[in-house]
Amino acid sequence: MGVVILIVMAVGVAAMLTRKLPTAFALVLLGVVIALVAGAPLTGKESVLDTVLQEGAPMLASTMIAVLLGSWLGKLLDETGIAGTIVRKIVEFGGDRPTVVALGVLAVSALIGTVTGSAPAAMLAGIIGIPAMVAVGIPKVTAAGTILMGIAVGVPFELPIWQFFSTALDLPIPTVRGFMIKLFPLALVAAVAFVLIESRRRGIEHTWALKAAVDKRRSRRERLGDAPWYALLTPVVPLILALGFELAIIPSLLAGVLYALVTTTRPREMNKRLLRTLYGGFEVAAPPIALFIAIGILLAAVKLPGAIEALEPLVKAVSPQNPVLFVLVFTLLVPLCLYRGPLNVYGLGAGIAGVLIAAGIYPAVAVLGLAASYNQVFGVSDPTSTQTVWSAQYAGVGPQQVMVRTLPYVWAVALGGFCVTAATYL
């Protein structure tokens, strides 16, 4: 039975890779089929309809709310001009020094990455940042990669990610926060190394006119105006509350929304702006929310007693217990989180993580180390991820070019994460 479930998973991966089915649809079908193969009844206790679908769909509800609030805050950063002002100030400070401009945009991307991820974060930092970098001579691929590497620096402090790992892996937020703090310096060193090495690797390239980029920034400034200096603190407000004061994630994000609104909006305009940006946040959050519903269904399926009993001996046989082998094997498997592969935590990887925990093969915190480390790779180098596609296309290059250039750096981050996991939790 375990072999049959693995075959079903392989078919699901193939369907996602070949784009025969959208990822969310494929995960739902996988969950239902795995439950049926595992011998689950249609209704009742540990069943397909009542357990997998009914209980699985809202399993990650807290994560969905956090994603919505993060998207809402992201829309506010855009509409109020906070994000644009931060990027402009950094670019103006860098002047015509390519490396300084790139490091500044990297810092802004990291800051925005703590608020919201995926394509919205790339757009907030990249709409101005990418033309500015290319205008001062940063190669196009490096400019796109800088945005992505910067977002990856912010991901360890992205509150919706904390909520996702906490709920999916059944871990307390302080445990998730503790590992993410350990992962942050690895991501930071890799990102700075990327900018310093890649910006000099091919020399200066003047491919876009500086005047065009400057005119674009000026027209946007005239339209939006610079946000007040105190409003620029908005991205760090939720982080300070959640990290410094250990406030719960959803109230921290709500505080960020209110701070952005109060510091940028006249009282008579608040109601309209709140509703407008909230509805815009729903549009941005809809795809990840659909994915989290599907992931919840898949997690409910692989945690069924029949599925655990069938998969435990197979997974245990191929899962290294020695810390050195643990690091070596999972480092070699890094490419399997690309192209929506089986180790992508926002796909089948979530199901595999559930099996590893439910079968007792690794402690949940070790699985957190694996999932978070692979997520650093996926979020930067996967040519199918929305932020990678947007950044590459906006810079005028192919997603595969960005993958080739960034993969060595994020692979090193994953290696570091595995080493920390093996040394701390195994």
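The values are calculated or read from the model by the stated rules, or taken from the named source; none is laboratory data. Everything numeric here is computed off the predicted structure, so don't read it as measured data. All Cβ positions, glycine included, derive from the backbone under ideal geometry; neighbour counts span all protein chains shown. The protein model used for the area step is the full one, side chains on, heavy atoms only, and it has no ligands, DNA or RNA in it. Shrake-Rupley method; radii C 1.70, N 1.55, O 1.52, S 1.80 Å.
Some notes on this structure:
- Sole exception among (1) modelled with pLDDT of 90 or more; (2) within 27 Å of the chain's Cα centre (by Cα); (3) among the aliphatic types (A, V, I, L, M); (4) closer than 30 Å to Ser166 by Cβ for Val284, by number: (1)
- Taking the stretch 403-413 as the range and being in contact (Cβ under 8 Å) with a residue 12 or more places away in the chain, open to solvent by 10 Å² or more (accessible area, probe 1.4 Å) and of a type outside the set (A, V, I, L, M, F, W, C) as the test, the residues that pass are Arg405, Tyr409.
- Complete set of residues in the stretch 335-384 that are polar (S, T, N, Q) and at pLDDT below 85: Thr384
- Reported count of residues in the stretch 81-133, each being over 28 Å from Ser252 (Cα atoms) and of a type in the set (Ser, Thr, Tyr), is 1.
- Residue within the stretch 77-95 that is open to solvent by less than 10 Å² (accessible area, probe 1.4 Å), touching a Gly at 6+ places or on another chain (Cβ under 6 Å), within 23 Å of Arg200 (Cα to Cα) and at pLDDT below 90 present: yes
- Among residues of the stretch 17-52, those that are open to solvent by 20 Å² or more (accessible area, probe 1.4 Å) and closer than 22 Å to Val3 by Cβ, counted: 8
- Residue match in the stretch 96-110 (condition: free of Cβ contacts under 8 Å to residues at least 40 places away in the same chain, part of a helix (DSSP H, G or I), closer than 24 Å to Gly137 by Cα and open to solvent by less than 40 Å² (accessible area, probe 1.4 Å)): yes
- If the condition is being of a type in the set (Phe, Trp, Tyr) and not in a helix (DSSP H, G or I), then the stretch 364-410 contributes no residue at all.
- With respect to the stated conditions, Thr63 is under 30 Å from Ala301 (Cα atoms), out of contact with any Asp or Glu (no Cβ under 9 Å at 6 or more places or on another chain), open to solvent by less than 10 Å² (accessible area, probe 1.4 Å) and not in a loop (DSSP other than H, G, I, E, B).
- Counting only helices (runs of 4 or more DSSP H) that sit wholly inside the stretch 300-363, those with at least 1 residues that are closer than 19 Å to Val11 by Cβ and among the β-branched types (Val, Ile, Thr) are 305-318, 348-358.
Table: residues versus (1) under 18 Å from Val91 (Cβ atoms); (2) in contact with a Ser or Thr (Cβ under 9 Å, 6 or more places away or on another chain); (3) basic (Lys, Arg); (4) assigned to a helix (DSSP H, G or I).
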{"site": "Ile128", "(1), (2), (3), (4)": "yes, no, no, yes"}
{"site": "Val134", "(1), (2), (3), (4)": "yes, yes, no, yes"}
{"site": "Gly137", "(1), (2), (3), (4)": "yes, yes, no, no"}
{"site": "Gly145", "(1), (2), (3), (4)": "yes, yes, no, yes"}
{"site": "Ile151", "(1), (2), (3), (4)": "yes, yes, no, yes"}
{"site": "Pro156", "(1), (2), (3), (4)": "no, yes, no, yes"}
{"site": "Pro160", "(1), (2), (3), (4)": "no, yes, no, yes"}
{"site": "Phe164", "(1), (2), (3), (4)": "no, yes, no, yes"}
{"site": "Thr175", "(1), (2), (3), (4)": "no, yes, no, yes"}
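- Residue check for Tyr339: of a type in the set (Phe, Trp, Tyr), open to solvent by 40 Å² or more (accessible area, probe 1.4 Å) and touching a helix residue (DSSP H, G or I) at 6+ places or on another chain (Cβ under 8 Å): yes
- Yes/no for Ser71 being open to solvent by less than 20 Å² (accessible area, probe 1.4 Å), modelled with pLDDT of 90 or more, polar (S, T, N, Q) and under 30 Å from Asp226 (Cβ atoms): yes
- Residues located in the stretch 309-329, provided they are in contact with a Gly (Cβ under 9 Å, 6 or more places away or on another chain) and either open to solvent by less than 40 Å² (accessible area, probe 1.4 Å) or more than 16 Å from Val367 (Cβ to Cβ) (or both): Glu309, Ala310, Leu311, Pro313, Leu314, Val315
- Candidate set: the stretch 172-187, residues that are under 13 Å from Glu158 (Cα atoms) and among the aliphatic types (A, V, I, L, M); chosen: the one most open to solvent (accessible area, probe 1.4 Å): Ile181
Each row is one residue, and each column tells you yes or no for (1) over 15 Å from the mean Cα position of the chain (by Cα); (2) open to solvent by 30 Å² or more (accessible area, probe 1.4 Å); (3) in contact (Cβ under 8 Å) with a residue 24 or more places away in the chain.
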| position | (1), (2), (3) |
| --- | --- |
| Thr331 | yes, no, yes |
| Val334 | yes, no, yes |
| Gln376 | no, no, yes |
| Gly379 | no, no, yes |
| Ala392 | yes, no, yes |
| Val397 | yes, no, yes |
| Gln401 | yes, yes, yes |
| Leu415 | yes, yes, yes |
| Phe418 | yes, no, yes |
